[in-house]
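The values are calculated or read from the model by the stated rules, or taken from the named source; none is laboratory data. Everything numeric here is computed off the predicted structure, so don't read it as measured data. No Cβ is skipped: glycine too gets one built from the backbone with ideal geometry, and neighbour counts run over all protein chains shown.
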Amino acid sequence: MESAANSLDVNVLDAYLEKNVAGYAGPTVIEKFANGQSNPTFKVTASSGEYVLRRQPSGKLLKSAHAVDREYRVLAALADSDVPVAKVFHLCEDRDVIGSMFYVMDYCDGRIFWDAGLAELDKADRGAIYDEMNRVLVALHKVDIDKVGLCDFGKPGNYFERQYERWSGQYRASETGRVEAMETLLQWVGDNLPDEDGKTSLVHGDYRLDNMIFDASEPRVIALLDWELSTLGHPYADIGYQCMQLRMPAQTGSVSGLRGRDLAELGIPTEEEYVARYCERMGIPGIDNFSFYVAFSFFRLAAIVQGVAKRAADGNASNRNAAQLGAFVGPMAELALEAID
């Protein structure tokens, strides 16, 4: 972590949180989490306990991006569901307090795995971790959106069409140079959007291993993190997104991949096995045209990465290594085209 004393006024924050978070008491020590590319995130250690503060970045923001208020809403809605999430305490929409909108949630102490190959675990535990991710994904897609008050959390209509319009638009808005593979992919995705099939669920939008905190000793997720891209949409978008890691090289930007690894030796399920277990839990016979959902996920991730690189060029990135990510847009687009082939 890095000191955040220069980016947040601790005295102002202390006074505000003592008024707005039940039981909160300073003095406070603030540290910025080094990882993460989008919304700056801080560990807040106070006399009353440990918290996490997540805020919008400073500077000009792309339309609909960095919606920490949406994150707060979905976390609050899932508090009593089967989806493990951190407890949220307060949303501050007054940008004058620290310079941007933010929210405060509980600090969950556990394990985060950055290596998709789970090198620190044994074979049996690796399989258990991947099965737990699969279980939590199904729990997410089975959430009764009416019951938890999220029936208006997304727009009606074809999810993939809406997502294509959003991310192709944001890619163009953050473009810093022509990437041929991305041009080909933009055209293909636009020409091959699936028909609306009526499947709608709460989707996470960034469902992957390192966005989960696991129990310190058990293969059990205690908190699913980073809900910025969550919405109502098509459940296959999430599973296609997670399966990207199976197709990525060992390191693609900040994402660890499993391409070329001996999955049986590692104890990690293949894409076919992982999807089959998901379908079994969901009670569906299978997923047709799965390559589209994988390719679409690569397209969207490439657009997100381009946005991070553009913010770095403009001096507004949260992570100091953000500028280097632009080099991965082309390779991600090529992996999408490979999935299509």
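Kindly evaluate Leu118 against the criterion of being in contact with a Leu (Cβ under 9 Å, 6 or more places away or on another chain) and modelled with pLDDT of 95 or more.
On the way: in contact with a Leu (Cβ under 9 Å, 6 or more places away or on another chain): yes; modelled with pLDDT of 95 or more: yes.
Yes.
Results for (1) touching a Lys or Arg at 6+ places or on another chain (Cβ under 6 Å); (2) among the acidic types (Asp, Glu); (3) more than 23 Å from Val189 (Cβ to Cβ); (4) surrounded by fewer than 22 Cβ atoms within 10 Å (Cβ to Cβ), shown as yes or no for each residue.
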position	(1), (2), (3), (4)
Tyr236	no, no, no, no
Ala264	no, no, yes, yes
Glu271	no, yes, no, yes
Val275	no, no, no, yes
Glu280	no, yes, yes, yes
Ile287	no, no, no, yes
Ser297	no, no, no, no
Gly307	no, no, no, no
Asp314	no, yes, yes, yes
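Exactly one of (1) free of Cβ contacts under 8 Å to residues at least 60 places away in the same chain; (2) on the phi > 0 side of the Ramachandran plot is unmet by Leu91. Its number?
(2)
Looking at Leu337, is it of a type in the set (A, V, I, L, M, F, W, C), more than 21 Å from Leu229 (Cα to Cα), in contact with a Ser or Thr (Cβ under 6 Å, 6 or more places away or on another chain) and modelled with pLDDT of 95 or more? Even if it seems obvious, please write down each step before you answer.
Details: of a type in the set (A, V, I, L, M, F, W, C): yes; more than 21 Å from Leu229 (Cα to Cα): yes; in contact with a Ser or Thr (Cβ under 6 Å, 6 or more places away or on another chain): no; modelled with pLDDT of 95 or more: yes.
So Leu337 fails the test.
What are the pairs with Cβ atoms under 7 angstrom where one residue, in region 1-24, is at pLDDT 95 or above and surrounded by 15 or more Cβ atoms within 10 Å (Cβ to Cβ) and the other, located anywhere, is assigned to a loop (DSSP other than H, G, I, E, B) and among the polar types (S, T, N, Q)? Sequence gap at least six, or different chains.
Tyr24/Ser48
Somewhere in region 249-264, is a residue over 17 Å from Arg126 (Cβ atoms) and basic (Lys, Arg)? Quick ask: steps written out before the conclusion?
Of region 249-264, the ones over 17 Å from Arg126 (Cβ atoms) are 249, 251-255.
The next check asks that each one be basic (Lys, Arg); those that pass are none.
Within region 249-264 (the criterion being over 17 Å from Arg126 (Cβ atoms) and basic (Lys, Arg)), the answer is no, since none of the residues qualifies.
Test of understanding: among Asp238, Asp210, which residue is within 22 Å of Ile284 (Cα to Cα), of a type in the set (Asp, Glu) and not in a loop (DSSP other than H, G, I, E, B)? Reasoning before the result, please.
Values: Asp210 fails: within 22 Å of Ile284 (Cα to Cα).
Checking each option against the conditions leaves just Asp238.
Considering region 241-257 alone, what residues qualify as being assigned to a strand (DSSP E or B) and either of a type in the set (A, V, I, L, M) or at pLDDT 95 or above (or both)? Break it down stepwise before answering.
Quick first cut of region 241-257, residues assigned to a strand (DSSP E or B) only: 251-252, 255-256.
The answer is Val255, and nothing else.
Considering only residues of region 188-199 that are at pLDDT 95 or above and part of a loop (DSSP other than H, G, I, E, B), which is surrounded by the fewest Cβ atoms within 10 Å (Cβ to Cβ)? Give the steps one after another, and end with the answer.
Keep residues of region 188-199 that are at pLDDT 95 or above, which gives 188-193.
Those still in the list that are part of a loop (DSSP other than H, G, I, E, B) too: 192-193.
On the way: Asn192: 14, Leu193: 16.
Looking at the filtered set, the residue picked out is Asn192.
Listed residues Arg300, Arg259; which is among the basic types (Lys, Arg), in the same structural domain as Val136 (by TED's automatic domain parsing) and over 19 Å from the mean Cα position of the chain (by Cα)? Please lay out each step first, then the result.
On the way: Arg300 fails: over 19 Å from the mean Cα position of the chain (by Cα).
None of the others qualify; the one that does is Arg259.
Out of Val136, Val104, Val74, Val85, which single residue is in contact with a Ser or Thr (Cβ under 7 Å, 6 or more places away or on another chain) and at pLDDT 95 or above? Working first, answer last.
Values: Val136 fails: in contact with a Ser or Thr (Cβ under 7 Å, 6 or more places away or on another chain); Val104 fails: in contact with a Ser or Thr (Cβ under 7 Å, 6 or more places away or on another chain); Val85 fails: in contact with a Ser or Thr (Cβ under 7 Å, 6 or more places away or on another chain).
Unique residue meeting the criteria: Val74.
Has region 141-155 got at least one residue that is farther than 30 Å from Ala327 by Cβ, in a helix (DSSP H, G or I) and within 21 Å of the chain's Cα centre (by Cα)? Walk me through it before giving the result.
So the first thing to find is which residues in region 141-155 are farther than 30 Å from Ala327 by Cβ, and the list is 141-155.
Okay, now just the ones that are also in a helix (DSSP H, G or I), so 141.
Applying the additional criterion that residues be within 21 Å of the chain's Cα centre (by Cα) yields 141.
Within region 141-155, one or more residues are farther than 30 Å from Ala327 by Cβ, in a helix (DSSP H, G or I) and within 21 Å of the chain's Cα centre (by Cα).
Across region 109-126, what is the total count of residues that are assigned to a helix (DSSP H, G or I) and crowded, with 18+ Cβ neighbours inside 10 Å? So that I can check it myself, show each step before the final result.
Initially, region 109-126 is screened for residues assigned to a helix (DSSP H, G or I), giving 123-126.
Applying the additional criterion that residues be crowded, with 18+ Cβ neighbours inside 10 Å yields 126.
Selection size over region 109-126: 1.
Of these, Gly169, Gly260, which one is out of contact with any Phe, Trp or Tyr (no Cβ under 8 Å at 6 or more places or on another chain), part of a loop (DSSP other than H, G, I, E, B) and either at pLDDT 95 or above or surrounded by fewer than 16 Cβ atoms within 10 Å (Cβ to Cβ) (or both)?
Working: Gly169 fails: part of a loop (DSSP other than H, G, I, E, B).
Exactly one of Gly169, Gly260 is out of contact with any Phe, Trp or Tyr (no Cβ under 8 Å at 6 or more places or on another chain), part of a loop (DSSP other than H, G, I, E, B) and either at pLDDT 95 or above or surrounded by fewer than 16 Cβ atoms within 10 Å (Cβ to Cβ) (or both), namely Gly260.
Please verify whether region 180-187 includes one or more residues that are part of a helix (DSSP H, G or I), without any contact (Cβ under 8 Å) to a residue 60 or more places away in the chain and either within 19 Å of Pro269 (Cβ to Cβ) or assigned by TED's automatic domain parsing to the domain that holds Val255 (or both).
Going residue by residue through region 180-187, those that are part of a helix (DSSP H, G or I) are 180-187.
From the residues that got through so far, the ones that are without any contact (Cβ under 8 Å) to a residue 60 or more places away in the chain too are 183, 187.
Of the ones still in play, those that are also either within 19 Å of Pro269 (Cβ to Cβ) or assigned by TED's automatic domain parsing to the domain that holds Val255 (or both) are 183, 187.
Taking every residue of region 180-187 in turn, at least one turns out to be part of a helix (DSSP H, G or I), without any contact (Cβ under 8 Å) to a residue 60 or more places away in the chain and either within 19 Å of Pro269 (Cβ to Cβ) or assigned by TED's automatic domain parsing to the domain that holds Val255 (or both).
May I ask you to list the residues in region 172-187 that are modelled with pLDDT of 95 or more, surrounded by fewer than 20 Cβ atoms within 10 Å (Cβ to Cβ) and under 17 Å from Glu334 (Cα atoms)?
Correct list: Glu180, Ala181, Glu183, Thr184, Gln187.
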